[in-house]
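Report on one structure; see the data block that follows.
The values are calculated or read from the model by the stated rules, or taken from the named source; none is laboratory data. Note that the structure is a prediction, hence the values are computed from the model and not measured. No Cβ is skipped: glycine too gets one built from the backbone with ideal geometry, and neighbour counts run over all protein chains shown. Only protein heavy atoms, including side chains, enter the accessible area calculation; ligands, DNA and RNA are left aside. Shrake-Rupley method; radii C 1.70, N 1.55, O 1.52, S 1.80 Å.
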Amino acid sequence: MRKGRLISLEGPDGAGKSTVLLALEERLRQDGIDFITTREPGGVEIGEAIREIILNPRHTAMDDKTELLLYVASRRQHLREKVLPALAAGKLVLMDRFIDSSVAYQGFGRGLLVSDIEWLNQFATDGLKPDLTLYLDIEVEEGLARIEKSKDRGADRLDQESVAWHRRVREGYLSILSKEPQRVVKIDASQTLEQVISACWARLQRECE
Ligand code: TYD
(Lines give C-alpha, C1' and ligand atoms only; values in the text may rest on other atoms or scores of the structure.)
Protein backbone atom coordinates (compact mmCIF):
# COMPACT_ATOMS: atom_id res chain seq x y z
CA MET A 1 0.00 0.00 0.00
CA ARG A 2 1.16 3.47 -0.82
CA LYS A 3 1.68 5.94 2.04
CA GLY A 4 4.55 8.29 1.15
CA ARG A 5 4.64 11.25 -1.21
CA LEU A 6 6.19 11.21 -4.64
CA ILE A 7 7.71 14.44 -5.92
CA SER A 8 9.47 14.73 -9.25
CA LEU A 9 11.83 17.42 -10.42
CA GLU A 10 11.81 18.11 -14.14
CA GLY A 11 13.25 20.56 -16.60
CA PRO A 12 15.28 20.97 -19.73
CA ASP A 13 19.04 20.58 -19.65
CA GLY A 14 20.81 23.47 -17.96
CA ALA A 15 17.86 24.51 -15.79
CA GLY A 16 19.89 23.82 -12.64
CA LYS A 17 18.00 20.75 -11.54
CA SER A 18 20.95 18.96 -9.95
CA THR A 19 22.00 21.95 -7.84
CA VAL A 20 18.43 22.58 -6.72
CA LEU A 21 18.05 18.93 -5.80
CA LEU A 22 21.11 19.04 -3.56
CA ALA A 23 19.80 22.14 -1.79
CA LEU A 24 16.38 20.56 -1.28
CA GLU A 25 18.00 17.44 0.15
CA GLU A 26 19.86 19.59 2.64
CA ARG A 27 16.67 21.32 3.79
CA LEU A 28 14.69 18.08 4.03
CA ARG A 29 17.47 16.66 6.20
CA GLN A 30 17.46 19.74 8.44
CA ASP A 31 13.69 19.45 8.85
CA GLY A 32 14.03 15.81 9.87
CA ILE A 33 11.80 14.59 7.05
CA ASP A 34 12.10 10.91 6.17
CA PHE A 35 13.01 10.98 2.47
CA ILE A 36 15.10 9.51 -0.32
CA THR A 37 16.30 11.13 -3.51
CA THR A 38 16.88 9.15 -6.65
CA ARG A 39 17.32 9.68 -10.35
CA GLU A 40 16.13 8.50 -13.73
CA PRO A 41 17.44 6.86 -15.76
CA GLY A 42 19.29 4.88 -13.12
CA GLY A 43 18.73 4.84 -9.38
CA VAL A 44 19.38 1.09 -9.01
CA GLU A 45 22.06 -1.19 -10.44
CA ILE A 46 20.05 -2.41 -13.44
CA GLY A 47 18.79 1.13 -14.08
CA GLU A 48 22.31 2.55 -13.99
CA ALA A 49 23.44 -0.13 -16.47
CA ILE A 50 20.61 0.90 -18.81
CA ARG A 51 21.55 4.57 -18.29
CA GLU A 52 25.09 3.80 -19.45
CA ILE A 53 23.73 2.27 -22.68
CA ILE A 54 21.37 5.18 -23.36
CA LEU A 55 23.73 8.07 -22.68
CA ASN A 56 26.93 6.62 -24.14
CA PRO A 57 28.07 9.15 -26.82
CA ARG A 58 29.34 6.20 -28.95
CA HIS A 59 25.80 4.86 -29.38
CA THR A 60 24.92 7.12 -32.28
CA ALA A 61 23.07 4.27 -34.05
CA MET A 62 20.40 4.11 -31.36
CA ASP A 63 16.88 4.08 -32.78
CA ASP A 64 14.38 6.52 -31.20
CA LYS A 65 11.98 3.78 -30.15
CA THR A 66 14.84 1.75 -28.67
CA GLU A 67 15.80 4.82 -26.67
CA LEU A 68 12.24 5.24 -25.40
CA LEU A 69 11.94 1.57 -24.44
CA LEU A 70 15.21 1.70 -22.53
CA TYR A 71 14.07 4.73 -20.52
CA VAL A 72 10.81 3.00 -19.76
CA ALA A 73 12.59 -0.25 -18.82
CA SER A 74 14.83 1.66 -16.45
CA ARG A 75 11.75 3.39 -14.99
CA ARG A 76 10.00 0.10 -14.27
CA GLN A 77 12.98 -1.48 -12.54
CA HIS A 78 13.69 1.63 -10.51
CA LEU A 79 10.09 1.87 -9.40
CA ARG A 80 9.85 -1.76 -8.29
CA GLU A 81 13.19 -1.88 -6.53
CA LYS A 82 13.41 1.53 -4.94
CA VAL A 83 10.47 3.91 -5.27
CA LEU A 84 7.55 1.68 -4.32
CA PRO A 85 9.26 0.24 -1.21
CA ALA A 86 10.17 3.77 -0.05
CA LEU A 87 6.60 4.99 -0.58
CA ALA A 88 5.23 1.95 1.23
CA ALA A 89 7.51 2.82 4.15
CA GLY A 90 5.91 6.27 4.24
CA LYS A 91 8.93 8.15 2.91
CA LEU A 92 8.95 11.20 0.73
CA VAL A 93 10.58 10.29 -2.58
CA LEU A 94 12.23 13.11 -4.48
CA MET A 95 12.92 12.03 -8.03
CA ASP A 96 15.31 13.64 -10.47
CA ARG A 97 13.21 13.14 -13.66
CA PHE A 98 10.30 10.77 -14.18
CA ILE A 99 7.44 10.14 -16.65
CA ASP A 100 7.35 13.72 -17.99
CA SER A 101 10.93 13.47 -19.30
CA SER A 102 9.85 10.73 -21.71
CA VAL A 103 6.96 12.83 -23.01
CA ALA A 104 9.15 15.94 -23.39
CA TYR A 105 12.31 14.30 -24.80
CA GLN A 106 11.11 11.25 -26.71
CA GLY A 107 7.67 12.66 -27.58
CA PHE A 108 8.26 16.29 -28.42
CA GLY A 109 12.04 16.01 -28.92
CA ARG A 110 12.19 12.85 -31.03
CA GLY A 111 8.69 13.15 -32.45
CA LEU A 112 7.34 9.84 -31.16
CA LEU A 113 3.60 9.63 -30.52
CA VAL A 114 2.77 11.15 -27.13
CA SER A 115 -0.19 8.78 -26.73
CA ASP A 116 2.19 5.79 -27.13
CA ILE A 117 4.49 7.23 -24.49
CA GLU A 118 1.64 7.89 -22.10
CA TRP A 119 0.57 4.28 -22.54
CA LEU A 120 4.11 2.98 -21.96
CA ASN A 121 4.46 5.17 -18.86
CA GLN A 122 1.19 3.82 -17.56
CA PHE A 123 2.36 0.27 -18.28
CA ALA A 124 5.69 0.78 -16.50
CA THR A 125 4.28 2.56 -13.46
CA ASP A 126 0.89 0.86 -13.15
CA GLY A 127 -0.55 4.34 -13.32
CA LEU A 128 1.52 5.89 -10.53
CA LYS A 129 1.94 9.63 -10.98
CA PRO A 130 3.81 12.15 -8.82
CA ASP A 131 1.81 13.99 -6.17
CA LEU A 132 3.73 17.06 -7.25
CA THR A 133 6.09 17.88 -10.10
CA LEU A 134 8.39 20.87 -9.85
CA TYR A 135 9.17 21.95 -13.38
CA LEU A 136 12.19 24.25 -13.69
CA ASP A 137 11.56 26.39 -16.73
CA ILE A 138 14.33 28.14 -18.62
CA GLU A 139 14.70 29.73 -22.07
CA VAL A 140 16.53 27.29 -24.36
CA GLU A 141 19.45 29.62 -25.14
CA GLU A 142 20.02 30.36 -21.47
CA GLY A 143 19.93 26.68 -20.53
CA LEU A 144 22.42 25.80 -23.25
CA ALA A 145 24.71 28.66 -22.26
CA ARG A 146 24.75 27.31 -18.72
CA ILE A 147 25.68 23.81 -19.92
CA GLU A 148 28.46 25.35 -21.99
CA LYS A 149 29.81 27.13 -18.91
CA SER A 150 29.76 24.18 -16.48
CA LYS A 151 33.19 22.66 -16.88
CA ASP A 152 32.74 19.55 -14.75
CA ARG A 153 29.99 18.15 -16.93
CA GLY A 154 31.01 16.27 -20.07
CA ALA A 155 28.44 16.28 -22.88
CA ASP A 156 26.32 13.12 -23.03
CA ARG A 157 24.58 11.82 -26.17
CA LEU A 158 21.46 13.91 -25.60
CA ASP A 159 23.35 17.14 -24.82
CA GLN A 160 24.76 16.96 -28.33
CA GLU A 161 21.35 17.52 -29.94
CA SER A 162 20.44 20.69 -31.86
CA VAL A 163 18.93 23.90 -30.50
CA ALA A 164 15.70 23.00 -32.32
CA TRP A 165 15.58 19.74 -30.35
CA HIS A 166 16.00 21.54 -27.04
CA ARG A 167 13.26 23.96 -28.10
CA ARG A 168 10.87 21.09 -28.78
CA VAL A 169 11.69 19.54 -25.40
CA ARG A 170 10.74 22.79 -23.65
CA GLU A 171 7.51 22.95 -25.66
CA GLY A 172 6.82 19.43 -24.43
CA TYR A 173 7.16 20.47 -20.82
CA LEU A 174 4.94 23.50 -21.35
CA SER A 175 2.33 21.28 -22.94
CA ILE A 176 2.36 18.89 -19.95
CA LEU A 177 2.04 21.91 -17.67
CA SER A 178 -1.05 23.16 -19.48
CA LYS A 179 -2.59 19.67 -19.43
CA GLU A 180 -1.97 18.97 -15.74
CA PRO A 181 -1.79 22.28 -13.88
CA GLN A 182 -2.83 20.68 -10.56
CA ARG A 183 0.13 18.33 -10.56
CA VAL A 184 2.83 20.35 -12.32
CA VAL A 185 4.13 23.62 -10.87
CA LYS A 186 6.28 25.85 -13.03
CA ILE A 187 9.29 27.45 -11.36
CA ASP A 188 11.08 30.26 -13.19
CA ALA A 189 14.65 28.93 -13.32
CA SER A 190 16.07 32.15 -14.77
CA GLN A 191 15.88 33.68 -11.29
CA THR A 192 18.87 33.53 -8.94
CA LEU A 193 19.63 30.10 -7.58
CA GLU A 194 18.51 31.19 -4.10
CA GLN A 195 15.16 32.31 -5.48
CA VAL A 196 14.67 29.08 -7.40
CA ILE A 197 15.52 26.99 -4.34
CA SER A 198 13.17 29.04 -2.13
CA ALA A 199 10.32 28.69 -4.61
CA CYS A 200 10.82 24.92 -4.82
CA TRP A 201 11.15 24.59 -1.08
CA ALA A 202 7.97 26.57 -0.38
CA ARG A 203 6.01 24.27 -2.67
CA LEU A 204 7.64 21.15 -1.28
CA GLN A 205 6.88 22.14 2.31
CA ARG A 206 3.20 22.47 1.47
CA GLU A 207 3.33 18.92 0.19
CA CYS A 208 4.91 17.68 3.43
CA GLU A 209 2.28 19.28 5.70
P1 TYD B 1 21.36 13.52 -16.97
O2 TYD B 1 22.84 13.60 -17.07
O3 TYD B 1 20.74 12.98 -15.73
O4 TYD B 1 20.77 14.94 -17.32
P5 TYD B 1 20.20 16.03 -16.38
O6 TYD B 1 21.29 16.36 -15.40
O7 TYD B 1 19.87 17.12 -17.33
O8 TYD B 1 18.99 15.41 -15.74
O9 TYD B 1 20.87 12.71 -18.23
C10 TYD B 1 19.59 12.36 -18.38
C11 TYD B 1 19.21 12.64 -19.82
O12 TYD B 1 18.20 11.73 -20.18
C13 TYD B 1 18.66 14.04 -20.00
O14 TYD B 1 19.20 14.62 -21.17
C15 TYD B 1 17.18 13.79 -20.21
C16 TYD B 1 17.12 12.43 -20.77
N17 TYD B 1 15.88 11.67 -20.51
C18 TYD B 1 15.03 11.36 -21.57
O19 TYD B 1 15.31 11.74 -22.71
N20 TYD B 1 13.91 10.63 -21.34
C21 TYD B 1 13.58 10.17 -20.11
O22 TYD B 1 12.55 9.49 -19.94
C23 TYD B 1 14.46 10.49 -19.02
C24 TYD B 1 14.14 10.01 -17.62
C25 TYD B 1 15.60 11.24 -19.25
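A quick yes/no check of all residues on (1) more than 15 Å from the chain's Cα centre (by Cα); (2) charged (D, E, K, R); (3) closer than 22 Å to SER18 by Cα; (4) open to solvent by less than 10 Å² (accessible area, probe 1.4 Å):
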position	(1), (2), (3), (4)
HIS59	yes, no, no, no
ASP63	yes, yes, no, no
GLY90	yes, no, no, no
PHE98	no, no, yes, yes
SER102	no, no, yes, yes
GLN106	no, no, yes, yes
GLY143	yes, no, yes, yes
SER150	yes, no, yes, no
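List every residue pair whose Cβ atoms lie under 9 Å apart, where the two residues are 6 or more positions apart in sequence or sit on different chains, the first residue falls within region 129-152 and is under 30 Å from LEU92 (Cβ atoms), and the second residue, located anywhere, is aromatic (Phe, Trp, Tyr).
LYS129/PHE98; PRO130/PHE98; THR133/PHE98; TYR135/TYR173; ASP137/TYR173
Inspect region 7-22 for any residue being free of Cβ contacts under 8 Å to residues at least 12 places away in the same chain, open to solvent by 60 Å² or more (accessible area, probe 1.4 Å), away from the ligand (no atom under 11 Å from the Cβ) and not aromatic (Phe, Trp, Tyr) and give the result as yes or no. Spell out how you get there, then give the answer.
As a first pass, look at region 7-22 and keep what is free of Cβ contacts under 8 Å to residues at least 12 places away in the same chain: 22.
If we keep only those that are open to solvent by 60 Å² or more (accessible area, probe 1.4 Å) too, we end up with 22.
Within this subset, residues satisfying the condition of being away from the ligand (no atom under 11 Å from the Cβ) are 22.
If we keep only those that are not aromatic (Phe, Trp, Tyr) as well, we get 22.
Yes, there is a match, as at least one residue in region 7-22 is free of Cβ contacts under 8 Å to residues at least 12 places away in the same chain, open to solvent by 60 Å² or more (accessible area, probe 1.4 Å), away from the ligand (no atom under 11 Å from the Cβ) and not aromatic (Phe, Trp, Tyr).
Do we have any residue at all in region 37-46 that's of a type in the set (Lys, Arg) and modelled with pLDDT of 95 or more? Working first, answer last.
To start, the set of residues in region 37-46 that are of a type in the set (Lys, Arg) comprises 39.
Checking which are modelled with pLDDT of 95 or more leaves us with none.
So far as region 37-46 goes, no, none of its residues is of a type in the set (Lys, Arg) and modelled with pLDDT of 95 or more.
Regarding LEU128, is this residue under 25 Å from HIS78 (Cα atoms) and either open to solvent by less than 60 Å² (accessible area, probe 1.4 Å) or part of a helix (DSSP H, G or I) (or both)? Give the derivation first.
Numbers: under 25 Å from HIS78 (Cα atoms): yes; either open to solvent by less than 60 Å² (accessible area, probe 1.4 Å) or part of a helix (DSSP H, G or I) (or both): yes.
Taking the combined requirement at face value, the residue satisfies it.
Look at ILE36 and say whether it is of a type in the set (Val, Ile, Thr), under 22 Å from GLU81 (Cβ atoms), within 11 Å of the ligand (Cβ to nearest atom) and open to solvent by less than 70 Å² (accessible area, probe 1.4 Å).
no
For LEU112, are the conditions met, namely being in a loop (DSSP other than H, G, I, E, B) and within 13 Å of the ligand (Cβ to nearest atom)?
Here the answer is yes, as LEU112 does meet what is asked.
Just one of the numbered conditions (1) among the polar types (S, T, N, Q); (2) open to solvent by 60 Å² or more (accessible area, probe 1.4 Å); (3) touching a residue at least 40 places away in the same chain (Cβ under 8 Å) is not true of ASN121; which one?
For ASN121, the exception is condition (2).
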